[in-house]
Amino acid sequence: MVDTGDLYSLANSIQAVASPFRAYLSDLHEKYRSLDEGMVANYIPELALANPNWFGVCVVTTNGQVFEVGDCDQLFTIQSISKAFIYGLALEDHGREYVNSKVSVEPTGEAFNAIVLDETTNRPYNPMVNAGAIATTDLIQGKSATERLKRMLEMFRRYTGRQLDINVPVFLSEKATGNRNRAIAYLMLNFG
């Protein structure tokens, strides 16, 4: 007996191989694969170890079709991408009005890691800068830090379709060099 889930996966794979969209992604990947502008992030020492040649493009459609080319199986830390999802979880937990009372949604011309709050409200400017991300993470519901962390990991599991792990070397590297983020957290704690 054949599992219908396996048939669905096989059908998607066959369709993806023959797809003009897949050919387009392959052409796009080939066109930009040789770019070597910029630098690997090194403000966190462990991130500096990433291979700058890793490059993949993956698109998942709303009906679950997966199109991928390049280094799509290479694991990586999601870093600031997580800010948008954590903000969404805070909105789910508390609603827009409450979250907005803690974190504004205004643009800022400051660096992502600036130690600055809105002078009028003492709120971070938006959830996509470190101060805002720290504030929205604090809004995630749970009876303990462990429960809150489990809720965040479960949310990421749902969105990625697989179990996510914490990259311990990156965590330790961030912890060892995270004085600026701790300063931001203490500044916000000072203002309530």
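For segment 85-101, enumerate the residues that are farther than 9 Å from Ile140 by Cβ and assigned to a helix (DSSP H, G or I).
Correct list: Phe85, Tyr87, Gly88, Leu91, Glu92, His94, Arg96, Glu97, Tyr98, Val99, Asn100, Ser101.
Looking at the structure I just gave you, is Ile184 open to solvent by 50 Å² or more (accessible area, probe 1.4 Å) and of a type in the set (A, V, I, L, M, F, W, C)?
No, not satisfied.
What are the residues in segment 63-91 that are more than 15 Å from the chain's Cα centre (by Cα) and either modelled with pLDDT of 95 or more or under 23 Å from Asp27 (Cβ atoms) (or both), if any?
Matches in segment 63-91: Gln65, Val66, Phe67, Glu68, Val69, Gly70, Asp71, Cys72, Asp73, Gln74, Leu91.
Only one of Pro127, Pro107 is under 20 Å from the mean Cα position of the chain (by Cα), open to solvent by less than 40 Å² (accessible area, probe 1.4 Å) and closer than 22 Å to Phe191 by Cβ; which? Let's see the steps before the verdict.
Values: Pro107 fails: open to solvent by less than 40 Å² (accessible area, probe 1.4 Å).
Just one listed residue meets the conditions, Pro127.
Give segment 59-85 a look and list any residue that's of a type in the set (Ser, Thr, Tyr), under 25 Å from Glu174 (Cβ atoms) and loosely packed, with under 15 Cβ neighbours inside 10 Å, or say none.
Within segment 59-85, just Ser80 meets the criteria.
Please count how many residues of segment 37-74 are at negative phi, part of a loop (DSSP other than H, G, I, E, B) and free of Cβ contacts under 8 Å to residues at least 40 places away in the same chain.
Summing the residues that are at negative phi, part of a loop (DSSP other than H, G, I, E, B) and free of Cβ contacts under 8 Å to residues at least 40 places away in the same chain in segment 37-74 gives 18.
The values are calculated or read from the model by the stated rules, or taken from the named source; none is laboratory data. Every value quoted in this text rests on a predicted model; they were computed, and no experiment measured them. Note: ideal-geometry Cβ built from the backbone for every residue, glycine included; neighbour counts use all protein chains shown. These area figures cover heavy atoms from the full protein model, side chains too; ligands, DNA and RNA do not enter into them. Shrake-Rupley method; radii C 1.70, N 1.55, O 1.52, S 1.80 Å.
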